[in-house]
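The values are calculated or read from the model by the stated rules, or taken from the named source; none is laboratory data. Note that the structure is predicted; figures quoted are calculated from it, not measured. Cβ placement follows ideal geometry from the backbone for every residue including glycine, while neighbour counts extend to all protein chains displayed. All accessible areas refer to the heavy atoms of the entire protein, side chains included, with ligands and DNA or RNA removed. Shrake-Rupley method; radii C 1.70, N 1.55, O 1.52, S 1.80 Å.
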Amino acid sequence: MKFKIIIASLFLFIITACGYKVVDQNYSKKINIVETNITGDKRIAYLIRNKFFKNDKVNDKSVKLDLVIKKIKQIEEKNINNEITKYKVIISVNVNFYLIKDNKSDEFLISENGIYNVNERYSDTLNSEKTLIKNIVNSISDKIIKTLITKIDEL
């Protein structure tokens, strides 16, 4: 019995001392977005702008952003009666950034897509589309910030 307790406590000690660290989730505080120029869909631009300016930033690296947003809505699926049952939304954002302090610039492209169903009521279909767009924009905003930080660290 004592042998089992010793093995269990040794195993527990090894597992807890594995050196696992939580990844720093404060990546958005490493940059300071001074100016943004956003062209494209106004609702998506509003959501992205709110995501970028949600928290106070530490003035570590100042960046100017130019975002070009493209939203494409395609028919994904039709039924036997040739009625549309699913739509596919593709949102792509071309990001040009300029480091003010270092006088350097670069660009990258981020694209996401999603599918939503057409419902019986038109208002339900619109709500499904808005929810999908909001989820895609949140994902794109996070990817923009993460990619921006890695690109800035490379320069």
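Per the listing Ile144, Ile140, Ile115, Ile100, the residue uniquely in contact (Cβ under 8 Å) with a residue 12 or more places away in the chain, closer than 26 Å to Val34 by Cβ and in contact with an Asp or Glu (Cβ under 7 Å, 6 or more places away or on another chain) is Ile140.
Please work out which residue is modelled with the lowest pLDDT, limiting yourself to segment 62-86 and to residues that are open to solvent by less than 50 Å² (accessible area, probe 1.4 Å) and not aliphatic (A, V, I, L, M). Don't jump to the end; show me each part of the working.
To start, the set of residues in segment 62-86 that are open to solvent by less than 50 Å² (accessible area, probe 1.4 Å) comprises 62-63, 65, 67, 69, 85.
Next, from what is left, pick out any that are not aliphatic (A, V, I, L, M): 62, 85.
Numbers: Ser62: 80, Thr85: 94.
For segment 62-86, the residue satisfying everything is Ser62.
Select, from Leu109, Leu132, the only residue that is part of a strand (DSSP E or B) and more than 23 Å from Asn82 (Cα to Cα). Outline the logic, then answer.
Details: Leu132 fails: part of a strand (DSSP E or B).
Criteria check complete, one pass: Leu109.
All conditions in (1) surrounded by 16 or more Cβ atoms within 10 Å (Cβ to Cβ); (2) outside any strand (DSSP E or B); (3) under 14 Å from the mean Cα position of the chain (by Cα) hold for Val93, with the sole exception of (2).
Just to check your reading of the model, which residue among Asp142, Asp124, Asp106 is within 12 Å of the chain's Cα centre (by Cα) and among the acidic types (Asp, Glu)? Show your work before the answer.
Details: Asp124 fails: within 12 Å of the chain's Cα centre (by Cα); Asp106 fails: within 12 Å of the chain's Cα centre (by Cα).
The match here is Asp142.
I'd like the full set of residues that are open to solvent by 70 Å² or more (accessible area, probe 1.4 Å) and of a type in the set (Gly, Ala, Ser), limited to segment 103-155. The answer is Ser105, and nothing else.
In the condition set (1) of a type outside the set (Val, Ile, Thr); (2) over 18 Å from Arg43 (Cα atoms); (3) touching a helix residue (DSSP H, G or I) at 6+ places or on another chain (Cβ under 9 Å), Lys71 is compliant with all but (2).
Condition check for Ile75 on (1) of a type in the set (A, V, I, L, M); (2) under 20 Å from Asn138 (Cβ atoms); (3) free of Cβ contacts under 8 Å to residues at least 24 places away in the same chain: one failure, at (2).
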